[in-house]
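*Asks:* Sending over a structure as C-alpha cells; questions will come in a sec.
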Amino acid sequence: MAFLISWKLKEGCVVMKKRIISSIVLILLIMIPTVVFGAEEEINDATKMAINTVWTLVAAFLVFFMQAGFAMVETGLTRSKNAGNIIMKNLMDFAIGSLAFFAVGFGIMFGVDKFGLFGTSGFFGTSSMEHLGLGIPIEAFMIFQTVFAATAATIVSGAMAERTKFSAYIIYSAVITLIIYPIVGHWIWGGGWLSEMGFIDFAGSTVVHSVGGWAALVGAAIIGPRLGKYNKDGKPNAIPGHSITLAALGVFILWFGWFGFNPGSSLAGTDMSIGMIAMTTNLSAAAGAFVVLVITWIRYGKPDVSMTLNGALAGLVGITAGCASVSMIGSIFIGIISGFVVVFSIEFIEKVLKVDDPVGAIGVHGFCGAVGTLCVGLFATEGGLFYGGGFQLLGVQAIGVGAVGAWVFGTTFILFKTLKATIGLRVHKEHEDTGLDISEHGSEAYGDFIVKSTDTILT
C-alpha cells in the first residue's frame, strides 16, 4: 500500500511537472512572435533609414558630379581663351551656392510655411525641420538639396559665357541660391501654394531647369551677344567651340549624374519605384538624342554633333518632372517632343530673338523644362489627359510653369539690370577679344598649347 501511494505521488509530480513545463512552453510560444516581430520591426526601421540615407547621399554625390559635366559641356562649346573662366564660374557656383543655400536658401525653401510663399525657419541649420517628416537625417536631405540649388545656378554660366564680368557673375550666383531659386522650391517642394494645387515636378524640370533656363535668357539678352556673333544685317555667325570632345564628355557625365538626379529624388533606396524612374530617365534621353540626330541630318544634310549632344540633355530635362508619373512608353514620347523643342527653340533664340547662347542652355533647360512639365499633364498615368484625367492636371501644370517663369523673369531682370548699372555686367571689348582667362584671372587654361596658323609648314 505504501508503495502504491508513493508511486501515485511520484506520478502526480511528473504530471504536474509536465503541466508546468507545457504551460511555460505555451507562454513562450505566445511571447516569442511578439518579441521577435517587435525586434524585427525595430531593426527594419533602423535598416530602412540607413539604406535611405546612404541612397540619398550617393544620389547627392552623383548630382554633385554633374557640376563637372556642366563645366566640360560649357568649356568644350566655347573658345579655349575662356576655358579657365568657365571652370572658375562652375566652381564658384557650387562653393558660393553651398554657403548661401545653407545660410538662407534652405530655410526659405523648406522652413515652416508662411502664406504658401516662403519658409520661415531652418536658417543656418538651426532647426531640425521636424515638420517635413523626413525618414532620413536632415543633413542628408540638406546636402541633396544643396547640389540641386547649385545646378540651377550653373545653367546660366553657359548662356552668358565669354563676355561676363567674373565679379558680377559671383553676385548673381549668390542671389539665385539665396532667394530666387528657394522661393520657387518652396512653392513646389516646400509645401507652398503650387504643391497644394497638385502641381507635379518630381525632380525639377521647372524647379531647377526652368529657373536656370529663364534666368539664362534674361541674362544673355541684357548682356548682349559676343563680338562677331551677328553681322550688321542681323545674320548670325557660327562661333565654334574649341573641343567637341570635352563637350561630349560633359554630356556623358551629365547623363550619368541624372541617375542620381531623378531616382535620388525619391529619397528612399527602399522605394521599388527607383528602377522605373531610372528607366524613364534613360529612355527619354535616348529618344531625345536620336530624334535630334534625325532632325539635323534632314535639316542640315549631316548629323550635327553639338545639337545631338543637346538632344540627349533635352530628353533628360524634359523627363525630370514626370519621371515617376509616366510609363516607359510615355517617357519615349516626352524625349521625342523635347528633341523637337530643343532644335527649333535654339534656332528661334538665335535667329529671331537675336540672343546669343553659346551652349544652347536656354533651349535645353528653359524651353524643354517648361515643355517637360506640361507633358506631365498629358502623359501622367494618374490624372494625365491621355489617360482619361481630363484637363485639370494640365491646367495646374500650366499655371505653375507660368508663375515660375514670371517670378524668374522679374527677379533676374532686376538683378542683371542692377549689376549692369553699378559694377558692370560685361567685360571691356579688348578683354573679350583677348579672352577672359587672361583679363579676369591672369592666366591661360592651356598655357603650353601653341596654336599654329593653317599655312605654317611643319618640318
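*Asks:* Find the residue count for the stretch 157-202, including only residues that are closer than 23 Å to Phe144 by Cβ, out of contact with any Phe, Trp or Tyr (no Cβ under 7 Å at 6 or more places or on another chain), among the aliphatic types (A, V, I, L, M) and part of a helix (DSSP H, G or I).
*Replies:* Adding up the residues that qualify gives 6.
*Asks:* Looking only at residues in the stretch 234-255 that are assigned to a helix (DSSP H, G or I) and touching a Leu at 6+ places or on another chain (Cβ under 7 Å), which one is surrounded by the fewest Cβ atoms within 10 Å (Cβ to Cβ)?
*Replies:* For the stretch 234-255, the residue satisfying everything is Ala248.
*Asks:* Output the qualifying pairs, or none if there are none: Cβ atoms under 6 angstrom, residues six or more apart or on different chains, first residue in the stretch 218-237 and modelled with pLDDT of 95 or more, second residue of a type in the set (A, V, I, L, M).
*Replies:* Within 6 Å, the pairs are Gly219/Val156; Gly219/Met160; Ala220/Ala159; Ala220/Met160; Ala220/Val355; Ala221/Val355; Ile223/Met160; Ile223/Leu425.
*Asks:* What is the one condition in (1) closer than 23 Å to Trp55 by Cβ; (2) of a type in the set (A, V, I, L, M, F, W, C); (3) surrounded by fewer than 17 Cβ atoms within 10 Å (Cβ to Cβ) that Ile188 does not satisfy?
*Replies:* Every condition holds for Ile188 apart from (3).
*Asks:* Can you tell me how many residues within the stretch 305-332 are more than 16 Å from Ala203 (Cβ to Cβ) and hydroxyl-bearing (Ser, Thr, Tyr)?
*Replies:* 3
*Asks:* Return yes or no: is Gly122 surrounded by 18 or more Cβ atoms within 10 Å (Cβ to Cβ), without any contact (Cβ under 8 Å) to a residue 40 or more places away in the chain and either within 15 Å of Val175 (Cα to Cα) or not hydrophobic (A, V, I, L, M, F, W, C) (or both)? Walk me through it before giving the result.
*Replies:* Working: surrounded by 18 or more Cβ atoms within 10 Å (Cβ to Cβ): yes; without any contact (Cβ under 8 Å) to a residue 40 or more places away in the chain: yes; either within 15 Å of Val175 (Cα to Cα) or not hydrophobic (A, V, I, L, M, F, W, C) (or both): yes.
It is true that Gly122 is surrounded by 18 or more Cβ atoms within 10 Å (Cβ to Cβ), without any contact (Cβ under 8 Å) to a residue 40 or more places away in the chain and either within 15 Å of Val175 (Cα to Cα) or not hydrophobic (A, V, I, L, M, F, W, C) (or both).
*Asks:* Given the criteria assigned to a loop (DSSP other than H, G, I, E, B), farther than 22 Å from Gly366 by Cβ and not aliphatic (A, V, I, L, M), does Ser98 qualify?
*Replies:* For Ser98, the condition - assigned to a loop (DSSP other than H, G, I, E, B), farther than 22 Å from Gly366 by Cβ and not aliphatic (A, V, I, L, M) - is not met.
*Asks:* Still on this structure, I have one more. Being among the small types (Gly, Ala, Ser), surrounded by fewer than 24 Cβ atoms within 10 Å (Cβ to Cβ), touching a helix residue (DSSP H, G or I) at 6+ places or on another chain (Cβ under 6 Å) and over 21 Å from Leu254 (Cβ atoms) is true for just one of Ala103, Ala50. Which residue is that?
*Replies:* Answer to the check: Ala103.
*Asks:* Then there is this: Within the group Val147, Val156, Val207, which residue is within 21 Å of Gly116 (Cβ to Cβ), out of contact with any strand residue (DSSP E or B) (no Cβ under 8 Å at 6 or more places or on another chain) and crowded, with 24+ Cβ neighbours inside 10 Å?
*Replies:* Every option except Val207 fails the conditions.
*Asks:* Among Glu196, Glu162, Glu139, Glu130, which is of a type in the set (Asp, Glu) and on the phi > 0 side of the Ramachandran plot?
*Replies:* One residue alone meets the criteria, Glu162.
*Asks:* How many of the residues making up the stretch 206-233 are part of a helix (DSSP H, G or I) and in contact with a helix residue (DSSP H, G or I) (Cβ under 8 Å, 6 or more places away or on another chain)?
*Replies:* Number of matching residues: 17.
The values are calculated or read from the model by the stated rules, or taken from the named source; none is laboratory data. If you're wondering where the values come from, they're calculated on a predicted model, not measured in any experiment. Cβ atoms come from the backbone with ideal geometry, glycine included; neighbour counts cover every protein chain shown.
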